[in-house]
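Trainee: Please read through the structure below; I'll follow up with questions.
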Amino acid sequence: MIRALNHLLGGKFSNTFVRVNTVPLEILCNILREATFVSEALDTSSIYFENRATIVQLICESMKTKNSLSLVSKTFHYAMENYLYEIVMIFRFDYVPVLLQRLRSIPAGYQSPRGHLCKRLDLYLGIGTVPYGDEAWYEGGHTLWGLIPACPNLEILMARVVCSAATPHPTATWNCPHLTHKALWMTIAACCAKTIRRLELYGFRIRIDRVEVMLRYLSKLEACTIVHAVQFNPSEDVYDDEEPKMYIIPGGRCRASMFLADDWDYTTPSGWFDTSTVSEFKAAKENSTWPPFVASTPYILPCLHTLRLSRLDLKRMNQFDFPRLRHLNMPCSLNGGNLSRSWGFIPDSVTHLTYAGEDSSFAQIINFFPYLQFLVLVTELSAFPESEYTTSHSNLEVVELATWENISKPLPRIAEILVAVRAGILPKLCMIQITRPWSYDDAALLPFRECEDLGVELKVVVREEPVFRFMSSRYQNQTWTTLSVFFLAMVLHPECQKRAQQEIDSVVGPGRLPEFSDRESLPYIGCILQETLRWNPVVPLAGARNLVHRRATPFFGR
């Protein structure tokens, strides 16, 4: 705190003890902002090489710090109110109802709900060993359970939702997307069109034509990643009134075919939300429409610099103009043929490209993008025709040969690249990188000496574990963390433990354990449970903030 104050006030307080009550509120707000701000969390200018795991860890640490500072005093609480909900990150579905209530509530002294302060929303559900009920998805997933409408100033939306019904075992890695109602895309277009700068969606089965309609509205969008965009397939999709009602997951050698169906009728609520909230979810599914749109083709997204779509409909995408596009992730399935200058939405200025396809040779790829500096070739999903080099490429510096699942021999691609280097086609190439999810056993066969003689570094990199697996191990083991908080509270306040034990002995007796039927007869135990969650919450949602001011005698000394 002193260090931050010293920085803001030009070093005047380097050796001085400062009383918080004497610091003007505006300066105190700046100090707390300086101490808890994670600049990478709201930066959308360069995300191509970002370390997602590190950023998530920094955000979570910052959220814990914000929550702790807000509990110091009323002054600190008021100073932190602007920043407590600036970034919201959630890993368990059972926190969503509480979070929704908090985002809709209006803090004292403010005119707008807390959700209006939220700039980044991260939602990671069903990751690892903490699934959630799929019935909740069909009840309110089409608005992300009201979280999107509650945050009208949202700048970054990152959501990864795993379909637990299609995962037969907690350790399974099936990549099955959710059957998603069009109301979700309409809600994003209606609520975030003028503010959203980064959009990343994983696990949402969305028709590619609706992706393109949604993109028209997002005029501030800088980075977009949508995985599981699909085209209508009559053999797998069952539609009713243009809405997906059933998705057939084809079977294989190790599993039978599965059916995902959106048959939620709202007569039996899931139990997660109150009646009025469920009614809102139902109305959104029945009444959502696209906002008015008057612009004509080409639809210009002037800020978009990073684009990744799992599927492209080239005829429809040609309606767009991306003048600042620099980072492009090309899909492995193209509807429209190989690389062609008729693809008007792809500018010549692309500098970073991830490509997976079967129709274009290495020479065609580099000739199509004259300013390309970094090229990633997904070798297991690609089949490259033989190259015929005609002109040199003066900007390409790095070529990465990447694989995610299957073993794909990189030697043919390396040989082809070295032919281009010897011919002077790639004068600036300095590195060929082989990226794999495990160690490469045949490293001795790689042409390290030949690459060195040509002035090109040949590098083998083992890909780290996915960031979401890291999330599940670090941020979802929250039951044990809550128990640890309880043990700490009992050690610090033995009088509370003694009174709780007396209540259990008087109601339950020594012959059995408490049951749910005893809950109404154990009010003090219930209060301890609630206070444990409030005192040091596992996820810093600040869910019981008002109790700090209303309760005269807190349980654990606050």
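The values are calculated or read from the model by the stated rules, or taken from the named source; none is laboratory data. What you see is a predicted model, and the numbers here were worked out from it, not measured in a lab. We place every Cβ from the backbone using ideal geometry, glycine too, and count neighbours over all the protein chains shown. Ligands, DNA and RNA are excluded from the accessible area calculation, which covers all protein heavy atoms including side chains. Shrake-Rupley method; radii C 1.70, N 1.55, O 1.52, S 1.80 Å.
Trainee: What is the spread of the Cα atoms of segment 351-431 along each of their three principal axes, largest first, in whole Å?
Mentor: That works out to 32, 23, 22 Å along the principal axes.
Trainee: Right, another one. Can you work out the Karplus-derived ³J(HN,Hα) for every residue in segment 199-215? Use 6.51 cos²θ - 1.76 cosθ + 1.60 with θ = phi - 60°, whole Hz, and x for glycine or proline.
Mentor: Per residue, the Karplus-derived 3J(HN,Hα) values read 10, 9, 10, 10, x, 10, 7, 10, 5, 4, 5, 7, 4, 5, 5, 5, 4 Hz.
Trainee: How large is ³J(HN,Hα), in whole Hz, for each residue of segment 27-42 in order, when computed from phi with the Karplus curve 6.51 cos²θ - 1.76 cosθ + 1.60 and θ = phi - 60°, using x for Gly and Pro?
Mentor: So the J values, rounded to whole Hz, are 5, 4, 4, 5, 5, 5, 5, 5, 6, 10, 7, 10, 4, 5, 5, 10.
Trainee: To the nearest 0.05, how large is the calculated FRET efficiency for residue 49 and residue 286 if R₀ is 56 Å and r is the Cβ-Cβ distance? List each step's numbers first, then the result.
Mentor: On the way: r = 43 Å, r/R0 = 0.77.
The value I calculate is 0.80.
Trainee: Using 0.36 nm per residue, how much length does the chain from residue 358 to residue 64 gain when fully extended, once their Cα-Cα distance is taken away?
Mentor: Values: separation 294, 0.36 × 294 = 105.84 nm, distance 4.77 nm.
Computed gain between residue 358 and residue 64 is 101.1 nm.
Trainee: Mind jotting down the three principal axis lengths of segment 54-94 based on Cα atoms? Whole angstrom, largest first.
Mentor: Taking the Cα atoms of segment 54-94, the three principal extents are 29, 25, 15 Å.
Trainee: For a protection proxy built on the mean count of beta-carbon atoms within 10 angstrom, sort 148-161, 68-81, 292-305 highest first, please. Could the numbers behind the result be given before it?
Mentor: Working: 148-161: 21.1, 68-81: 17.3, 292-305: 13.9.
Packing proxy ranking, top to bottom: 148-161, 68-81, 292-305.
Trainee: I need the calculated FRET efficiency for the pair residue 110 and residue 527, taking r as the beta carbon distance and R₀ as 25 Å, to the nearest 0.05.
Mentor: Values: r = 29 Å, r/R0 = 1.16.
With R0 = 25 Å, the Cβ-Cβ based efficiency is 0.30.
Trainee: So what does residue 66 come to for accessible area, using a 1.4 Å probe and Å² rounded to 10?
Mentor: Surface accessible to solvent at residue 66 totals approximately 10 Å².
Trainee: Still on this model: Please sort 37-44, 428-435, 384-391 by packing, taking for each peptide the average over its residues of neighbouring beta carbons within 10 angstrom, highest first.
Mentor: 428-435, 37-44, 384-391
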